Amino acid sequence: MINRIWEDGDCYMWKNYLKFLFILLCIIVTDSVQAKAYTIKMQQDNIYSEVIPESFAKNAPAIFRKNVKTAMKYYNKYKDADAVTYMNKIPDKYRDFIEIARKIHDSDEIVLRDPFYIYDVGTSDEDDDIYYFFDVEKNGKKLCKFSLNVDRKSKKLLFGYSKMNRYFQNDSKTMKDALFYRCGKKGYAETPDKTICVEDGEMSGQLKMQTEGIDWEAVLKKSYKKFQKKTYEEKKDEIFSYLEKMQKNKVIKKAEKNMKLELKDDYVETTGEEKASNSEKIPYVIIGIVFVVAAAAGIFLVRKQKRQ
């Protein structure tokens with residue numbers, strides 16, 4: 001009778017042990033798996049992948065998705081409001097972006113392609129705000145273009161959208177090797193084979209920029225000519241050196257930290273962060289295994305003592 005009670009109790013103890021082991025293994029496995037985005041993905045295979053912060057590129061899909069949701073919240077809340085209320089209550093960037101957000105449906109596949117930077121020849125400065133641009137495709141067709149702006153005042157990465165971006169006429173064929181730069185109001189895409197004007201904002205009757213007797217327009221024109229005489233590789237070196245310096249800027253680092261805080265669980269770790277995170281998890285996994293082994297040994301000793 002006593003042996004039967006022991007056997008029943010022993011069986012119950014082992015069942016609890018196995019349940020505990022299963023739960024512990026589930027926690028360890030779940031903790032090591034990272035959630036993936038649903039219908040939005042990033043495709044980055046152009047030359048700018050070398051110089052755009054990895055954290056910005058990896059988290060661009062989450063930022064885009066978050067702003068689509070925000071735009072739709074504004075639209076649903078104020079779509080029946082009068083024109084004055086609609087204009088006053090919805091921020092400028094969302095008023096324009098609502099048109100794009102309404103075109104996106106649950107069944108769509110959104111792809112963010114080939115982020116790039118437009119270098120302003122003669123005026124780019126380390127104290128300027130930085131704008132990284134992304135092309136967006138919906139089910140294989142162009143949808144829009146948006147930007148991620150490193151704002152120096154707030155030290156945050158800000159989502160930006162403007163209808164004016166549609167006038168920047170780049171295509172997927174030029175994206176892989178193209179350098180993008182502006183000389184005044186004209187924007188260019190330059191590959192090793194050719195240079196294309198992709199943006200023409202020249203205005204007639206433009207006022208001359210003069211400060212303390214210096215004709216800055218003439219100064220800039222000289223810098224444009226000097227830059228345009230350079231080879232493709234020389235231009236690439238100048239643009240990429242500038243972007244590499246910017247990556248080390250404290251404002252970029254602070255913007256990355258603020259982005260991580262804002263995205264919370266939607267944040268996607270960089271390669272370096274994943275390695276660091278995995279190395280931090282190893283001690284906890286070892287502790288878990290040691291605990292399980294110790295628990296099993298304890299049960300075995302109790303069982304042995306009972307039988308004696």
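The values are calculated or read from the model by the stated rules, or taken from the named source; none is laboratory data. Note that the coordinates shown come from a computational prediction; the quantities given were computed from them, not determined experimentally. Each accessible area value is taken on the protein alone, full model and side chains, heavy atoms only, with ligands, DNA and RNA left out. Shrake-Rupley method; radii C 1.70, N 1.55, O 1.52, S 1.80 Å.
Table for the structure above
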quantity: Binned Cα-Cα distance frequencies in region 55-136 - 10 Å width, integer %; calculated: 14, 37, 29, 17, 2
quantity: Nonlocal amide H pairs with Leu158, under 5 Å, H built at 1.01 Å; calculated: Asn149, Val150, Asp151
quantity: Cα centroid separation, region 235-267 to region 72-123 (Å); calculated: 23
quantity: Which listed pairs, of Lys103/Lys142; Lys156/Lys245; Lys163/Lys225, have C-alpha distances above 20 Å, in listed order; calculated: Lys163/Lys225
quantity: For Gly187, residues with placed amide H under 5 Å, excluding near neighbours; calculated: Val198, Glu199, Asp200, Gly201
quantity: Full-extension gain in nm, Arg102 to Asp129, via 0.36 nm per residue minus C-alpha separation; calculated: 6.8 nm
quantity: Fully extended contour minus Cα-Cα distance, from Ser241 to Ser162, at 0.36 nm per residue; calculated: 25.6 nm
quantity: Å² of accessible area per residue within region 93-139, as computed with a 1.4 Å probe and no ligands counted; calculated: 43
quantity: Amide proton proximity set for Leu143, modelled H, under 5 Å, gap of 5+; calculated: Val136, Glu137, Lys138
